[in-house]
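Before any comments, here is the structure.
The values are calculated or read from the model by the stated rules, or taken from the named source; none is laboratory data. The shown structure was predicted, so the numbers you read here are calculated from the model rather than taken from an experiment. Note: ideal-geometry Cβ built from the backbone for every residue, glycine included; neighbour counts use all protein chains shown.
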Amino acid sequence: LCLPQHRNRANMEALWRILTAIAAVLMQTFGRSAGRSESLDGTEQEILEAVMSENEAIISRYLQTAPNVDRLLSINGITFSPLHIACEIGKDKIVKMFIQAQADVNIQEVYGYSPLWIASQNGHDQVVSSLIKAQADVSLQEVDGCSPLYIASQNGHHQVVSSLIKAQADVNLQKVNGYSPLYIASHNGHNQVVSSLIKAQADINLQEVDGSSPLYIASQNGHHQVVISLIKAQADVNLQKNTGESPIYIASHQGYHQVVSSLIKAQADVNLQNINGYSPLYIASQNGHNQVVSSLIKAQADINLQEVDGSSPLYIASQNGHHQVVSSLINARADVNLQVNTGESPLYIASQNGDEKVVSLLINARADVNLQNINSYSPLYVASQNGHEKVVSSLINARADVNQEVHGRSLLYIASQNGHHNVVNLLTKAQQDDANSEYIGSQNSSVLCCCSSQKVTKTSSALEKPPKEPEFECSLSDSELSEQLHSALEQSGFTESRAALQSAAADALQQILRSRLSKNPFFVVGSYSEGWGNSLTTLDGRTDANSDIDVMYLIPGREYHLKDLCECDGAPEQHELVNGHIQCSGFASNPASTKPGFTLRPALDNVSACRLCRYPPIAPLLPNRVFNIPHPVLEALRNALTSASSPCHVVHAASPDRGGEELRVSTSFLENRMLRSLTTLQGQLFVTLKYLVKKVICHKNGFNQQGLKSYHVKTITFRMVDETPVEQWKKENLVSLTRQSLQMLLDCVEKSREQDRQTPDTPDRSRGRIMNHFFLSDAAIYLKGAGKERVDQHLDGIMSTLRTVIDRLPQLLQQFIGSLRPVSDSGTFYFHPFQILPDLRPMPLTESSTLEYYQIYDVARECLVRLSCSDCSPRSQESLTELIARLPDCALSAREALRALACLKFGYRGTAERVVSSCSGHSVSRGIAWSREKSATEATVEFVMRHLSSRDSAWKFCFEFDQRPKLEFWTGALVEFFPFQLTGSYKSNYFYMNFDALLWALRLELRTDGEARAQDWIGDVAEREDSDEQELLVATPYSSNPEQRLKIFKK
């Protein structure tokens, strides 16, 4: 704004700050980004200043002379009227002046926000009363269906809610997603508002589009008082979501014991299962919520109720190592031999995981130690295979059959083949001691000879190291190996510019996700967003099979405040910060819910988080601190502390033995900034360390030493960046930097172990604390999954393994180099957002003529739904044709494939052939061509979105359907492959569609392309490294070359 010069400077600066703040609030409210400022004329500027300063004289003159008091003004692209501003900042006198001047009290800006909506959102009760008195429409909704009563209920403005109810606001008016005022108040735990809405006869069972009710969402979020209020109002305690989850199910899932107890008291069905067969007891057992499990058992829950794959509560508790839950279920007479559909028993899965305590509990409960799965594997077999020495010993003592053979292989053979020499010794002794053993096969003798050559003897010491793999001498010097490693990593895409592109792609995915879900506070975080470590073989946008995409949802309306650090107004409840956790009871320690991955779709970790009013002191930003972190990086961290894009938050996690008593302060956004700032060499160090930890130290085919995790690698990398002088970051030093990092990690573990020895009775003993948090100096980082009684063993094992890795580092790095996969010559970076979209819920279609990129997904999905229905009326044909035509050219293959399918459905085969023929020669965008010459500064979210919008990029999709859409009008051989159901360890509701493959399937079925061109495409599918299952399935039956067909079949 160009402010007039007659005001003094201080007043002008103050006014500028206020206007900027209002603009920011409005932008946040409207979900818009700041654009180029638009100038206001003198009168408009004067009236805004007058509203801000409550200058009644100027306002009065304006109202008398202005030709249109309802004219919408604009600041930074945000439109509003002077009345909107007065309502935003709660100036009741000014609002009344505009009302008296006959201003339109129902005026809406472009997103539908009315003055009453704005005042209700901000809790300005007097302003709300004035507008109601002026006959403002109390049920006027914005574009997403949000009413004044809804937004006041969401924000907990009890007085405003009461005023709106008194003014006859529709208490059941829902948003487009089905959320009602009662639903959102229950979601956010505003019990006073809930009580008012109940008293006003709000529908207490009104469900949103996914079937979630107010009682369900209150139970999910642990709002016990709200749950009690809804139960007293006779809410249906058994009302299920579309996917079958009930309120008691979700409360059991989250571990909210008080909520579960109240629902049980209200006669909730404790055996109600979701569509996967999960019962409340099952899900509580899965997550280790023993108090909840005990309550459900006491309420006569069916302790043997199995889910669709046959897993029982005892099985899943045994699988996840929840000892207390296992004990509770055994005491309640759970069937210890109940098997899943594939034959595994609770004892089998515990033996497979090496969980000695669970195995002991099950053996003591008389579990059948010889019960086999459908592959004839017994608990002893799988424990021997995985080298779980103590479990093997327990099973042998329980009289497990040590002479079992599976497919001609003995237990002794399988243990020796995997290098588990102590297990070999145990089995050998058990066979010799077994008086009933009549025959130890010739295979065992040959195994013993093999074992002897590997230094495995009957008298092997328990402390002897496992046999090493055949080693080769690395003749390269550290500097030569560093050059080789650096070059290999660079060729595999591990460079600063490609890491920046990975981060930009994650930001684009986040933008698409938020746009689809009405700008809800979703954040794509973790390795997919950080740029490095999403894959350990190549940096080309694709996620490793054992990696995932992390998505954080910031729960609206719930904010915590730090004791002695909070500067918020209104004296909110404050929580003490201890060891990087706020002390707040009643929450389960399960920060993430995981959705499994498939070949065509990575796994997802969904994390719920709550705002924390501010960050605690951040160690790298403390004054008078010596550091090597570049100043721009420190400045970026400092800016992140106050940025809306990186809010401080807490997650449902706790330090060992503190589950349910605290919430962990997360610094994920600060970690993200640090990782995004890494240079090529620093990023390569991080990737190398992550490989050594995940693939060498922890992997079952490596040392199989558990306890370390990727977060330890992050912390060590940050410390290396902080402590290593700039001049040492040279590519010829990469090996020595890796060795220093491993030594730093070893020093941390040794220090922790020594403290345990010196002070054995301190509370920290056996809790697995091994290093300090990089950002929170008073917080600790712990071992992963170390039980209290096994921490000493873990620490000793980790120290031994780290020393071995340091000794054998050159050989291990050579192995790493061999595992890397160079990027393609064009540097293709794969990014298909609708294939990896984290949230696949269908969203309502809009009527606008132009389609935004994020809307492509829902249009394509709706087209498939309509194609699968039986309605072939002219109206159905017209509406489907119009819907398909809305798809833009960046979804050309999807549009034309759907158009061809629509022609086939309505009987126009000739037209379908012409549609398919018209696409002949068209090529889809397989990814972003990113050459080595590209710089990191070019990798922006704007660049990625421009790329997506300017090419046929939207042709790979994953959809979620309750049932597979059947295209019954298509009788071709390939009909069963479209859409393609994703399956892994279980059948999912996910379906994959490659519309380019679909076009080729139609070409081949309709024979619109020449044989030579078709065979060229099939040959390309056979040779291409990135061909997917759907392309392979289409190509196989039409290949004319037997060798080529075999090659495709193998792929």
Quiz item: GLU1043: part of a helix (DSSP H, G or I), at pLDDT below 85 and over 19 Å from LEU837 (Cβ atoms), yes or no?
Solution: yes
Quiz prompt | Positions within segment 380-409 being farther than 23 Å from ILE363 by Cα and part of a strand (DSSP E or B), in sequence order | solution = ARG409
Self-check item: Subset of segment 521-548 that is of a type in the set (Gly, Ala, Ser) and more than 20 Å from LYS956 (Cα to Cα) - its residue that is surrounded by the fewest Cβ atoms within 10 Å (Cβ to Cβ)
Solution: SER547
Quiz item: Out of (1) surrounded by fewer than 24 Cβ atoms within 10 Å (Cβ to Cβ); (2) free of Cβ contacts under 8 Å to residues at least 60 places away in the same chain, the odd one out for GLY387 is which?
Solution: (2)
Quiz item: Listed residues GLN306, GLN324, GLN300; which is surrounded by fewer than 23 Cβ atoms within 10 Å (Cβ to Cβ) and either without any contact (Cβ under 8 Å) to a residue 12 or more places away in the chain or assigned to a helix (DSSP H, G or I) (or both)?
Solution: GLN324
Practice problem: Read through the list (1) assigned by TED's automatic domain parsing to the domain that holds ASN191; (2) at positive phi, then give the number of the only condition that HIS158 fails. | Solution: (2)
Quiz item: With ARG366, ARG333 as the choices, which residue is closer than 30 Å to GLN431 by Cα, outside any helix (DSSP H, G or I) and out of contact with any Gly (no Cβ under 9 Å at 6 or more places or on another chain)?
Solution: ARG366
Exercise. For residues that are within 26 Å of the chain's Cα centre (by Cα) and part of a helix (DSSP H, G or I), tally how many sit in segment 980-1029.
Key: 1
Quiz item: Of all helices (runs of 4 or more DSSP H) completely enclosed by segment 804-906, which ones contain at least 1 residues that are touching a Pro at 6+ places or on another chain (Cβ under 9 Å) and surrounded by 15 or more Cβ atoms within 10 Å (Cβ to Cβ)?
Solution: 833-836, 856-868, 892-905
Exercise. Pick out the one residue from SER925, SER953, SER931, SER917 that is modelled with pLDDT of 85 or more and part of a helix (DSSP H, G or I).
Key: SER917
Self-check item: Residue in segment 221-230 that is in the same structural domain as ALA185 (by TED's automatic domain parsing), closer than 30 Å to ASP657 by Cα, polar (S, T, N, Q) and in contact (Cβ under 8 Å) with a residue 12 or more places away in the chain present
Solution: yes
Practice problem: Report, ordered by the first and then the second residue, all pairs with beta carbons closer than 6 Å, sequence separation of six or more or different chains, a first member in segment 269-287 that is touching a residue at least 12 places away in the same chain (Cβ under 8 Å), and a second member that is surrounded by 24 or more Cβ atoms within 10 Å (Cβ to Cβ) and among the acidic types (Asp, Glu). | Solution: ASN274/GLU245
Quiz prompt | Within segment 756-782, considering residues that are of a type in the set (S, T, N, Q) and surrounded by 14 or more Cβ atoms within 10 Å (Cβ to Cβ), the one modelled with the highest pLDDT | solution = ASN772
Quiz item: Does segment 180-195 contain any residue that is more than 26 Å from TYR256 (Cβ to Cβ) and of a type in the set (Phe, Trp, Tyr)?
Solution: no
Quiz item: Which numbered condition trips up VAL607, out of (1) crowded, with 18+ Cβ neighbours inside 10 Å; (2) in contact with an Asp or Glu (Cβ under 8 Å, 6 or more places away or on another chain); (3) at pLDDT below 85?
Solution: (3)
Quiz item: Across segment 632-676, what is the number of residues that are in contact (Cβ under 8 Å) with a residue 40 or more places away in the chain, of a type in the set (S, T, N, Q) and in a loop (DSSP other than H, G, I, E, B)?
Solution: 2
Quiz item: Restricting attention to segment 640-648, does a residue exist that is crowded, with 17+ Cβ neighbours inside 10 Å and of a type in the set (Val, Ile, Thr)?
Solution: no
Exercise. Quick one: count up the residues across segment 216-237 that are of a type in the set (Gly, Ala, Ser) and more than 15 Å from VAL193 (Cβ to Cβ).
Key: 3
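Residues are listed down the side, and each one gets a yes or a no for (1) buried (at least 24 other Cβ atoms within 10 Å of the Cβ); (2) in the same structural domain as ALA57 (by TED's automatic domain parsing); (3) within 23 Å of SER518 (Cβ to Cβ); (4) modelled with pLDDT of 95 or more:
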| residue | (1), (2), (3), (4) |
| --- | --- |
| LYS91 | no, yes, no, no |
| VAL95 | yes, yes, no, no |
| PHE98 | yes, yes, no, no |
| ILE107 | no, yes, yes, no |
| GLY112 | no, yes, yes, no |
| ASN122 | no, yes, yes, no |
| ALA152 | yes, no, yes, yes |
| LEU164 | yes, no, yes, yes |
| ASP170 | no, no, yes, yes |
Quiz item: Within the set of pairs 6+ apart or on separate chains, which have a first residue in segment 888-903 that is under 16 Å from GLN835 (Cβ atoms), a second that is part of a helix (DSSP H, G or I) and among the small types (Gly, Ala, Ser), and C-beta atoms under 6 Å apart?
Solution: CYS890/SER949; ALA894/ALA860
Self-check item: helices (runs of 4 or more DSSP H) contained entirely in segment 61-148, each with at least 1 residues that are of a type outside the set (Val, Ile, Thr) and farther than 30 Å from GLU208 by Cα
Solution: 82-88, 92-100, 125-133
Quiz prompt | So ALA101, is it more than 22 Å from VAL138 (Cβ to Cβ) and among the aliphatic types (A, V, I, L, M) | solution = no
Quiz item: From the set of residues in segment 549-560 that are crowded, with 20+ Cβ neighbours inside 10 Å and within 15 Å of the chain's Cα centre (by Cα), which is farthest from ILE217 (Cα to Cα)?
Solution: ILE549
Quiz item: Looking at ARG409, ARG366, which is the one that is within 30 Å of LYS298 (Cα to Cα) and of a type in the set (Lys, Arg)?
Solution: ARG366
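Let's see how each residue does on (1) closer than 21 Å to HIS699 by Cβ; (2) modelled with pLDDT under 80; (3) among the basic types (Lys, Arg); (4) touching a His at 6+ places or on another chain (Cβ under 6 Å):
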{"position": "LYS731", "(1), (2), (3), (4)": "no, no, yes, yes"}
{"position": "GLU754", "(1), (2), (3), (4)": "no, no, no, no"}
{"position": "LYS784", "(1), (2), (3), (4)": "yes, yes, yes, no"}
{"position": "ASP792", "(1), (2), (3), (4)": "no, yes, no, no"}
{"position": "ASP796", "(1), (2), (3), (4)": "yes, no, no, no"}
{"position": "ARG803", "(1), (2), (3), (4)": "yes, no, yes, no"}
{"position": "GLN815", "(1), (2), (3), (4)": "yes, no, no, no"}
{"position": "GLY827", "(1), (2), (3), (4)": "no, no, no, no"}
